[in-house]
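Structure, as structure tokens:
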Amino acid sequence: MNCSLSEAKKLASEIVNMVRDEVKSEAEIVLCPPFIYLIEINDLIGSSANISLGAQNCHQEESGAFTGEISADMLTSLGSKYVILGHSERREYFGESDELLEKKIKHALNKDLLPIFCCGEKPESREANDQEVIVSKQIEKALFSLSADEIQKVVIAYEPVWAIGTGKTASAEQAQEMHAFIRSKISEKYGKEAGDGVSILYGGSVKPGNAQEIFSQPDIDGGLIGGASLKSRDFTDIVKAIG
């Protein structure tokens, strides 16, 4: 929940231009602005081949008396290709459960929206060394009712809650360990090909200074970027670190 319209347009325009001029890799970039800016940002993205539009959330029902909510059909009509679901802030501040997220994910897929499903542990779970138990439950409850074809359309974002907005970052080794664990969970349920093919992003205070080390890990496919995405220079340098 950042930026006025003029600020959002300036930020997106800078990112689009920097990516065009500086990014040589084929990394896919997804910009997820607040709902009310989706049309404007989609226009700025234009025909950029490697930049897509995403939304920050959507409702689990197709339509109806849900004042203030946004449907999947609304998002796709505005050009959204992706939607973030289950972000730790949605879980923490709005009480979203894994059972609810299962419904949201299925509905998004039915509407040709690609979910970016967030999972991750709180500080107390990390301190108790329960991170694998917590993340396993989140994945099983929200994703394991999907078909083999559907799971391949889901992007998973691991976000250790203790490393969001705190300035703390999981070490590259800690991040890799959890990403490998998540991949193994998908492989156990859907087979090695599905496990190898799923995209898993790391979201936890990624910055230009640590991005290359994080992204060099074998099971980390990219990042879910928060605060650093509000600075076009930082965001572009993070994208360049993907290689």
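For beta carbons closer than 9 Å, sequence separation of 6+ or different chains, a first residue in segment 75-86 that is more than 22 Å from Gly226 (Cβ to Cβ) and a second that is among the charged types (D, E, K, R) and surrounded by fewer than 21 Cβ atoms within 10 Å (Cβ to Cβ), the qualifying pairs are Thr76/Lys111; Thr76/Asp112; Gly79/Asp43. Residue pairs whose Cβ atoms lie under 7 Å apart, sitting 6 or more positions apart in sequence or on different chains, and linking a residue in segment 183-196 that is farther than 15 Å from Asp221 by Cα to a partner that is exposed (fewer than 13 other Cβ atoms within 10 Å of the Cβ) and of a type outside the set (Lys, Arg), are Tyr190/Ala148. Annotation note: Cβ proximity below 8 Å between a residue of segment 33-59 that is closer than 17 Å to Thr76 by Cβ and without any contact (Cβ under 8 Å) to a residue 60 or more places away in the chain and a residue that is part of a strand (DSSP E or B) and of a type in the set (S, T, N, Q) (sequence gap 6+ or interchain) occurs for Ile45/Ser52. Taking the stated definitions as given, is Glu96 in contact with a Gly (Cβ under 7 Å, 6 or more places away or on another chain) and part of a loop (DSSP other than H, G, I, E, B)? Against the criterion (in contact with a Gly (Cβ under 7 Å, 6 or more places away or on another chain) and part of a loop (DSSP other than H, G, I, E, B)), Glu96 qualifies. Scanning segment 19-63 for residues that are more than 16 Å from Leu113 (Cα to Cα), charged (D, E, K, R), over 20 Å from the mean Cα position of the chain (by Cα) and not in a helix (DSSP H, G or I) returns a single hit, Lys24. In summary, helices (runs of 4 or more DSSP H) completely within segment 131-243 and bearing 2 or more residues that are in contact with a Ser or Thr (Cβ under 9 Å, 6 or more places away or on another chain) occur at 131-143, 172-190, 192-197, 208-215, 232-241.
Looking only at segment 8-29, residues that are touching a helix residue (DSSP H, G or I) at 6+ places or on another chain (Cβ under 7 Å) and loosely packed, with under 14 Cβ neighbours inside 10 Å come to 1 in all. A count restricted to segment 221-233 and to residues that are over 16 Å from the mean Cα position of the chain (by Cα) and buried (at least 18 other Cβ atoms within 10 Å of the Cβ) stands at 1. Within segment 210-243, the set of residues being of a type in the set (Asp, Glu) and under 23 Å from Phe181 (Cβ atoms) comprises Glu213, Asp219, Asp221.
Every number here is computed from the coordinates shown, using simple stated rules; none is lab data. Everything numeric in this text was worked out from a predicted model, so none of it was measured. Every residue, glycine as well, gets a Cβ built from its backbone with ideal geometry; the counts of neighbours run over all protein chains shown.
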